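Here the structure comes first, spelled out in structure tokens, and everything after it is commentary.
The values are calculated or read from the model by the stated rules, or taken from the named source; none is laboratory data. Keep in mind it's a predicted model, so treat the numbers as computed, not measured. Cβ placement follows ideal geometry from the backbone for every residue including glycine, while neighbour counts extend to all protein chains displayed. To get the accessible areas, we keep the full protein, side chains included, count just its heavy atoms, and leave off ligands, DNA and RNA. Shrake-Rupley method; radii C 1.70, N 1.55, O 1.52, S 1.80 Å.
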Amino acid sequence: MYAAFFRRHGGPEVMETGEAPEPVAATGTVVVSVRAAALNHLDLWVRRGLPGLTLELPHIGGSDVAGVIDEIGPGVEGWEVGDRVALNPSLWCGECEWCERGEHPLCLDFKILGEHVAGGTAERVRVAARNLYRIPDDLEFRVAAAAPLAYQTAWRALKTRGGLKDGESLLVTGASGGVSTAAIQIARLLGARVLAVTSGPENVSRVRELGADVVFDRLETDFAEGVKEHTAGRGVNLVLDSVGEATWAQCLRSLSRLGRLVTYGATTGPRGAVEIRHMFWKQISVSGSTMASRSEFEAVMGHVAAGDLTPVIHDVMPLAAIREAHEVLEAGRAFGKLVLEP
Ligand SMILES: [Zn+2]
């Protein structure tokens, strides 16, 4: 089959397209004919090489996939060839104590489609049947493919880990990213007021169009001061951050009493100091989040299928343009998803 892959780690120049082995449907799995696959920053990190992650090369990336079932393995029930599906990129063992509790992203053998195993930047991909999500006929493949990873991450981080409720306020940093744009839409759906931080006037207006009530340009202002101004000196109930080191102190300063900070990444660096006295006096909580459980994934995809949440798509490109797509994402030139069609 035709696929996009890399044979060695490096920059966008290592991406190539060509022939790859056909996946075969094993017990409990199906092979899906890919109609659309979206890129994530994860694809760039995997391509560069992650410490502790040893890949079989060549490696096919792509965690976000939508398509049609092509082949059904033994023991799979309830699905037919031709069914339209989106794939859940979270892969769990189903046997450990965390899986038993339904906490799939904490699985002792947790993996991600396109990171640890061959992903969807190809004509066909194999997944476990429990990772299939049925999509309605009127949901375009490119839209369905743009949602799974970012929307499940934002959903768990805001709702389960952050406990965001109707009438509360949320601050989202790095607001032009995939999870952040999903978070802005989800927070609005939950009835929260959204404050956001991004950089540059173009991103400011785009984030405002997405539904953020107040948008700060981090190049122009100290956003923690801005948050105080726009919350009558109180701060926000919840901060969602993946910028890490560069924004950590300002994120903590932006919190109200009983405020919560949820982190799901650390793109600018892994270290952040906490003023402990400030933490107990204001009774602040800091928690982490990554990916989502099967039920969280299905809940958020239900909203995407119903049209309550619509992923922002920057561009749709042919799979042959994989190198260019990596370059655009790496240069930070994409606002929203880059979708590839084989
Ligand atoms: Zn497990």
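What the table below lists for this structure:
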{"read-out": "Anisotropy class of region 257-342 from Cα gyration tensor, a/c 1.5 cut", "value": "oblate"}
{"read-out": "Neighbourhood charge, 14 Å Cβ-Cβ cut-off, centred on VAL117 and excluding it, Lys, Arg +1 and Asp, Glu -1", "value": "-1"}
{"read-out": "Estimated inter-spin distance, GLU140 and HIS9, nm [label 7 Å along Cα→Cβ]", "value": "3.7 nm"}
{"read-out": "Largest-first principal axis extents of the Cα set of region 99-178 (Å)", "value": "43, 34, 25"}
{"read-out": "Gyration tensor verdict on region 57-132 (Cα atoms; rounded if a/c is under 1.5, prolate if a/b is larger than b/c, oblate otherwise)", "value": "oblate"}
{"read-out": "The chain, Rg to Rh (Cα coordinates; Rh as Kirkwood inverse mean 1/r)", "value": "0.97"}
{"read-out": "GNM top mover of SER254, SER295, SER169 - the chain, alpha-carbon springs below 10 Å", "value": "SER295"}
{"read-out": "Area accessible to solvent at THR54, 1.4 Å probe radius, in Å²", "value": "130 Å²"}
{"read-out": "Cα long-axis angle, helix 178-189 against the chain (0 to 90 degrees, to the nearest 10)", "value": "70 degrees"}
{"read-out": "Three-way shape label, region 180-254, alpha-carbon gyration tensor, a/c 1.5", "value": "rounded"}
{"read-out": "Spin-label pair GLU327/GLU341, simplified geometry with 7 Å Cα→Cβ offset, distance in nm", "value": "2.2 nm"}
{"read-out": "Semi-axes of the equivalent ellipsoid for region 151-288, Cα gyration tensor, largest first, Å", "value": "20, 16, 15"}
{"read-out": "0 to 90° range, to nearest 10: angle between helix 201-210 axis and the chain longest Cα axis", "value": "80 degrees"}
{"read-out": "Distance in nm between pseudo-label sites at SER287 and GLU103 (7 Å out along the Cβ direction from Cα)", "value": "1.0 nm"}
{"read-out": "GLU245-GLU80 FRET efficiency (beta carbon distance; Förster radius 56 Å; 0.05 resolution)", "value": "0.70"}
{"read-out": "Computed accessible area, GLU327, all protein chains, 1.4 angstrom probe, square angstrom", "value": "80 Å²"}
{"read-out": "Lysines with Cα under 18 Å of LYS282, excluding same-chain neighbours fewer than 8 positions away", "value": "LYS228"}
{"read-out": "Gain upon complete extension [THR54, TYR2; 0.36 nm per residue less C-alpha separation]", "value": "16.4 nm"}
{"read-out": "Accessible-area order (highest first, 1.4 angstrom probe) of the listed residues TRP281, TRP155", "value": "TRP281, TRP155"}
{"read-out": "Sites THR27 and GLU202 - FRET efficiency at Förster radius 56 Å, r taken between beta-carbons, to 0.05", "value": "0.65"}
{"read-out": "Accessible area of GLU22 in the full protein assembly, 1.4 Å probe (Å², nearest 10)", "value": "100 Å²"}
